[in-house]
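Below you'll find the structure, written out as structure tokens, and then a few comments.
The values are calculated or read from the model by the stated rules, or taken from the named source; none is laboratory data. Owing to the predicted nature of the structure, the values given are computational and were not obtained by experimental measurement. Heads up, the Cβs are rebuilt from the backbone with ideal geometry, glycines too, and the neighbour counts pull from every protein chain shown. Keep in mind that these areas ignore ligands, DNA and RNA; they rest on the heavy atoms of the full protein, side chains included. Shrake-Rupley method; radii C 1.70, N 1.55, O 1.52, S 1.80 Å.
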Amino acid sequence: MENILDKAYATEDFRRQGHALIDLMADYLAQATSDSKEVQAIPWQSPEKQLDYWQKDFSKVDTIDPLDLFRDVIDRSIQVHRKRYLGHQTTPTLPVTVLSAAVTALLNQGMGVYEMGMVGNTFEKLLTEHLAQKLGFSGEASGFITSGGSLGNLTALLAARAACTGIWHNGYVNEQKLAVLVSEEAHYCIDRSARIMGFGAAGIIKVPVNDKFQMRTELLESYYQQAITDGKQVISVIGCAGSTSTGSYDDLEAIAAFSQKYNIWFHVDGAHGAPAAFSPKYQHLVKGIEKANSVVVDYHKMMMTPSLSTAVLFKNGSDAYRSFSQRAQYLWTDQDTEEWYNGGKRTFECTKAMSALNVYTIFRTYGDDVFRENIERLYGLAEKFAELIKSKKNFELAYEPQCNIVCFRLRTASDVSKLNLAIRNQLLEDGRFYIVQTVLNGDLYLRVSLMNPLSTEEELIELLQAVEEKAVILTSKV
Ligand SMILES: Cc1ncc(COP(=O)(O)O)c(C=O)c1O
């Protein structure tokens, strides 16, 4: 009988399948970037139908050629490279990173300890220090890469807590009440991080926003004083650059000044918008970021790498060692020394993918300029889209976009939120466009993240037409 394991490791099948897969992926990319109107951004199916399909597939006894499987998965998945993919902040990965991701899978580096990630750990140091320099930090700044903005924010806030309490070692004492100050528009992972750290709901002090959905920094003082009166210790004030729903940039200079006044750790969630620093035209949006104690930047959002890859940067590189301080004799001999090359000393993960290769590959292949162009093209397209919305009498723009996230709605019914929700659901079922929705000041808006630099005004004009057409159909049914 044939030995299945030996066959599975045989290289001839791999070579043949690999060549065919590259053709399959190149065809997918060519089709996505061509402009065939029939192609869908999302082949929508309900979760029940999807489950039913894969349950049947999984229970088949005959083995499948992986190429058929990959084709099937592509055909049944949302396709972020489509020009009409205008939904969440997921990037259409640069093709070269699809190649680097394959190398990452092949090498399967562990990263926690130097030997298991010699190149990757070195890349992390170089890449995070380069990014820190782009953001305007001095030579003291350094960082590492972790798996996603959510984990990155938690990691940075653990460092903030360690900087002013002994909780990591001693646990909570004497009913200590800790808190963070953050805009009410911050991503939910900030709230989640604070709860994970044991602050409870009362430990997330949400500062209201202005009509541009930016933190009202003039309220920081009173919210802080109230926190002190309530017996809370504020361990960090957090700025958004930009926020998730609306892409709004908080006034980081003002938050920095406040944090300096009270000597509070200043953290910036720049998961989406910090790469604006690559553009001379838009870098003013992140002015003040270089005063932060810590910053999180997702390479997998505006920097075109596959998920997940997040830089956690510290103004004072030594602070990076504060988050996790533990002994692991089987990995490194001395926990107390700062060894950038032993990744596990600073990250939550022990084993971690070498996602740094994807980022490094882009820098070495195209240089910094590819990021500048991406920012300028996408932010510029959002400005044009905003103008287009304003020029249409039935549409309302929720705010002047600061980046590539635009919220708007159609106002042709008395229950505007209900209408726009129904429109968005119809678009989802059609699948030609993929957009999402959000709630601002209690009302539902359509939300577009322009993540694909190959999208043009043409798709956006078409989108507004599709929204109006859906509204006509929906209102005629009532
Ligand atoms: C501003 C912001 N912070 C954090 C996150 C969470 O990042 P991740 O999805 O990489 O965990 C997001 C995700 O959309 C975000 O927009």
Legend entry - Close pairs (6 angstrom Cβ cut-off, 6 or more residues apart or separate chains): farther than 15 Å from L446 by Cβ in region 381-400, among the acidic types (D, E) and at pLDDT below 95 anywhere: none
Inset, instruction - Might you check whether a residue that is in contact with a Phe, Trp or Tyr (Cβ under 8 Å, 6 or more places away or on another chain), surrounded by 16 or more Cβ atoms within 10 Å (Cβ to Cβ) and closer than 26 Å to T305 by Cα occurs anywhere in region 162-184? - result: no
Legend entry - Test set (1) open to solvent by 50 Å² or more (accessible area, probe 1.4 Å); (2) not in a helix (DSSP H, G or I) - A105 fails condition number: (2)
Inset, instruction - Kindly indicate the residue of region 302-327 that is among the small types (G, A, S) and either open to solvent by less than 10 Å² (accessible area, probe 1.4 Å) or not in a loop (DSSP other than H, G, I, E, B) (or both) and also farthest from the ligand (Cβ to nearest atom) among those meeting that condition. - result: S318
Legend entry - Options A254, A277: the member that is within 15 Å of A311 (Cα to Cα), assigned by TED's automatic domain parsing to the domain that holds V312 and open to solvent by less than 60 Å² (accessible area, probe 1.4 Å): A277
Inset, instruction - Taking only region 364-398 into account, find how many residues are in a helix (DSSP H, G or I) and either touching a Cys at 6+ places or on another chain (Cβ under 9 Å) or open to solvent by 20 Å² or more (accessible area, probe 1.4 Å) (or both). - result: 19
Inset, instruction - Would you please name the residue that is most open to solvent (accessible area, probe 1.4 Å), looking only at residues in region 426-457 that are of a type in the set (V, I, T) and in a strand (DSSP E or B)? - result: V439
Legend entry - Test result for D27, open to solvent by 60 Å² or more (accessible area, probe 1.4 Å) and either under 30 Å from A466 (Cβ atoms) or in the same structural domain as S449 (by TED's automatic domain parsing) (or both): yes
Inset, instruction - Give the residues of region 78-100 that are aliphatic (A, V, I, L, M) and in contact with an Asp or Glu (Cβ under 9 Å, 6 or more places away or on another chain), sorted by residue number. - result: L86
Legend entry - Residues that are of a type in the set (A, V, I, L, M, F, W, C) and open to solvent by 20 Å² or more (accessible area, probe 1.4 Å), drawn from region 399-418: A413
Legend entry - Which numbered condition V467 fails, given (1) open to solvent by 20 Å² or more (accessible area, probe 1.4 Å); (2) part of a helix (DSSP H, G or I); (3) more than 19 Å from T33 (Cβ to Cβ): (1)
Inset, instruction - Quickly run through region 52-93 and pick out the residues that are open to solvent by less than 40 Å² (accessible area, probe 1.4 Å), within 16 Å of the ligand (Cβ to nearest atom), assigned to a loop (DSSP other than H, G, I, E, B) and more than 17 Å from L24 (Cα to Cα). - result: L86, G87, Q89, T91
Legend entry - Residue list for region 212-223, restricted to those being touching a helix residue (DSSP H, G or I) at 6+ places or on another chain (Cβ under 7 Å) and hydroxyl-bearing (S, T, Y): T217
